[in-house]
Amino acid sequence: MIEVVELRKRYAPKAPEAVAGISFEARRGEVFGLLGPNGAGKTTTIGALTTRVRPTSGYVAIDGIDVQADPVAVKQRIAVVPQRPNLDRQLKAIENLTFHAAYFGYGRAERRKRALEVMKALGLEGREDEDVNNLSGGMAQRLLIARALMHRPQVLFLDEPTTGLDPQSRLFLWDRIEELREAGTTILLTTHDMVEADRLCDTIAIVDHGTIVALDTPSGLRRLLPGAGGVEVVATGMADAEGALGSFGEVEVAGTADGRRQIRIYGDGVDPAAVVDAVRDSGGEMLELRRLEGSLEDVFVHLTGRDLR
Amino acid sequence: MSLAPEPPRLDVRAATVRSFLALCQRDAFATLRRDPWGFLAQSLIAPLFYLFIFGRVLPEIGAAGPNYGEALLPGVLGLTLVLTALQGVALSLVIEFSFTKEIEDRLLAPIPASLVGVQKMVWAAVRGIIAGLVILPLGELVLPGGLQLSDATWWTFVLLLVAGGFAGASIGLVMGTAVPANKINVVFAVVLTPLLFTGATFYPWQSLDSLRWFQVVTLFNPLTYVSEGMRASLTDAPHLGSGWIVLGLTVSIGVLGTIGVRKFIGRAID
């Protein structure tokens, strides 16, 4: 349903490539997650798929239609829920939906009926005549999703849909997304929320510096951690972590602050007691010790590093 | 409610036409149903004062000839037409591209991005035409001699209303797409005042014969052709040759409209 082949995008001749050769496919009815740090190229990739970014090279298609060659036919099939609200502020809540449907050729009676249904399904019943400027963040987000559903899109793009929402709104949205998947909508989701990605996505691509560094199911990604039985140690006085702990497996210093070092040891069957001894023997003081459970977050940080973007 | 996706009902061409009309419908609704008085106040306060001060007060105190109002009315009508259309595009584009991002929902409607820009122009031209038409009753109310329309040629007046609306809208499209949001107040101040005073609004172009250099300067302002065209269609006063008016309007709409639509596509698609 979604096809991206060797997508590249450079915004200015001398600028670095925002997207440097991304390829993936999403099947009909699949929830596909794009994960990555800020600036990794997620939004550019969505832009190319939704006709808003012209690729420097590569091929992107929706439902077999080349986005570059026939953007209008693509726009008939997709809907986008943006990161930031872009509601029509001169219109009331329900009018945002009815006019959107009008753009897609829905007749007057039909669009009103559908708008009422969609608002009800998204918990916005009774808010029909609300001024959109007065909606809370969560309600505005639900209205954006309601608007996107008005023309029954085959592919729905959700750009960080739950960022800034309270836990209730988040759970509510997750349920709606699962319903949409069951009804056959293909969904492309970007998020920083690993729990969200883990719960919703059938396939996840982790993107960094404009390329895909991993592409798998959530459980497949968790297996990417070298030695799932590793441990994480926070200790002081560990100047040479590599030398002291190298014998247990692959050592990664994940952070240093205030003389404390956060050290990850990836290896099969690392014995925590032996690690405690080794830290003490090298003159360090152990502050924390935990097993790496192999959460998606661990995978994400392992693959993309800890540097701020 | 069915959440199931549905294949498009219309072919691309039909979808484009429906979208274009629906965008116009949305604009008509937002302007005329939601905020008609705001729209009229925004468009008509300045012309009302021009007509009153220049057309009524100055002749009254002897600072202008008694018939100045006759030369003034077509100019003020042209000015209102052009500026209302210009602001209709420029302001809304700056706000929608930079702050509210409302333009995004339009750009995702099943219609080519270029036509989203053209639609903005069309609606702004309509706004300009509505505001321009209201100038006629205002003139009747405010000017000492009322409206003098015995020499009016109505079909050229209608043509000029449409052309003037598009002339203003094409300037607005260029401004709205070329100027970054943080500079728009500066650009408005720097562009609007010269546009206002070099557009043969407050004086017939021919009367500038003794100020030749300024007469030439005014020819670079599209508003000159609209004001002079209105003078030609509404009065029997001397005016810029009809051929020049047609040429001036065609060139300015053609050139600025083309630049504007290109810039619009550049803003819409990275």
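Here is a list: A:S247, A:S282. Which entry is in contact with a Gly (Cβ under 8 Å, 6 or more places away or on another chain), over 28 Å from A:A205 (Cβ atoms) and of a type in the set (S, T, Y)?
Working: A:S247 fails: in contact with a Gly (Cβ under 8 Å, 6 or more places away or on another chain).
Criteria check complete, one pass: A:S282.
Here is a list of conditions, (1) more than 30 Å from A:T45 (Cβ to Cβ); (2) free of Cβ contacts under 8 Å to residues at least 40 places away in the same chain; (3) in a helix (DSSP H, G or I), and B:S233 meets all of them except one; can you say which number that is?
Checking B:S233 against (1) more than 30 Å from A:T45 (Cβ to Cβ); (2) free of Cβ contacts under 8 Å to residues at least 40 places away in the same chain; (3) in a helix (DSSP H, G or I), the one that fails is (2).
Out of A:I145, A:I187, I need the residue that is within 11 Å of chain B (Cβ to nearest Cβ) and either touching a residue at least 40 places away in the same chain (Cβ under 8 Å) or in contact with a Cys (Cβ under 9 Å, 6 or more places away or on another chain) (or both). Which one? Spell out the reasoning first.
Values: A:I145 fails: within 11 Å of chain B (Cβ to nearest Cβ).
A:I187 is the lone residue from the list that is within 11 Å of chain B (Cβ to nearest Cβ) and either touching a residue at least 40 places away in the same chain (Cβ under 8 Å) or in contact with a Cys (Cβ under 9 Å, 6 or more places away or on another chain) (or both).
Between B:A64, B:A4, which is part of a loop (DSSP other than H, G, I, E, B), more than 14 Å from chain A (Cβ to nearest Cβ) and free of Cβ contacts under 8 Å to residues at least 12 places away in the same chain?
That would be B:A64, the only listed residue that is part of a loop (DSSP other than H, G, I, E, B), more than 14 Å from chain A (Cβ to nearest Cβ) and free of Cβ contacts under 8 Å to residues at least 12 places away in the same chain.
So in the stretch A:86-97, with the set limited to residues that are crowded, with 18+ Cβ neighbours inside 10 Å and touching a residue at least 40 places away in the same chain (Cβ under 8 Å), which one is farthest from the other protein chains (Cβ to nearest Cβ)? If you could, list the steps in order and put the result at the bottom.
Within the stretch A:86-97, the subset crowded, with 18+ Cβ neighbours inside 10 Å is A:86-88, A:90-91, A:93-97.
Checking the rest, the ones that are also touching a residue at least 40 places away in the same chain (Cβ under 8 Å) come to A:86-88, A:91, A:93, A:96-97.
Details: A:N86: 4, A:L87: 7, A:D88: 5, A:L91: 7, A:A93: 14, A:N96: 8, A:L97: 11 Å.
Among those that are crowded, with 18+ Cβ neighbours inside 10 Å and touching a residue at least 40 places away in the same chain (Cβ under 8 Å), it is A:A93.
Out of (1) touching a residue at least 12 places away in the same chain (Cβ under 8 Å); (2) not in a loop (DSSP other than H, G, I, E, B), what's the single condition that is false for B:F49?
Unmet condition: (1).
So which residues in the stretch B:19-42 are facing chain A (nearest Cβ under 7 Å) and in contact (Cβ under 8 Å) with a residue 12 or more places away in the chain, if there are any at all?
B:S19, B:A22, B:L23
Under 6 Å by Cβ, and 6 or more places apart or on different chains, what pairs join a residue from the stretch B:140-162 that is among the hydroxyl-bearing types (S, T, Y) with one that is part of a loop (DSSP other than H, G, I, E, B)?
From residues that are among the hydroxyl-bearing types (S, T, Y), there are no pairs.
So that you can scan it fast, the table gives a plain yes or no per residue for (1) under 20 Å from the mean Cα position of the chain (by Cα); (2) in a loop (DSSP other than H, G, I, E, B); (3) within 20 Å of B:T153 (Cα to Cα):
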{"position": "B:V187", "(1), (2), (3)": "yes, no, no"}
{"position": "B:V191", "(1), (2), (3)": "yes, no, no"}
{"position": "B:G199", "(1), (2), (3)": "yes, yes, no"}
{"position": "B:Q215", "(1), (2), (3)": "no, no, no"}
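Can you tell which of B:S98, B:S92 is of a type in the set (S, T, N, Q), under 23 Å from the mean Cα position of the chain (by Cα), surrounded by fewer than 24 Cβ atoms within 10 Å (Cβ to Cβ) and under 15 Å from B:S170 (Cα atoms)? Steps first, answer last, please.
Details: B:S98 fails: under 15 Å from B:S170 (Cα atoms).
Just one listed residue meets the conditions, B:S92.
Yes or no: A:V270 part of a loop (DSSP other than H, G, I, E, B) and out of contact with any Lys or Arg (no Cβ under 6 Å at 6 or more places or on another chain)?
Numbers: part of a loop (DSSP other than H, G, I, E, B): yes; out of contact with any Lys or Arg (no Cβ under 6 Å at 6 or more places or on another chain): yes.
Yes.
Quick note: the coordinates plus some simple rules give every number you see, no bench work behind them. Just so you know, these numbers come straight off a predicted model, no measurement behind them. Ideal geometry is used to build each Cβ from the backbone, glycine not excepted, and the neighbour counts take in all protein chains shown.
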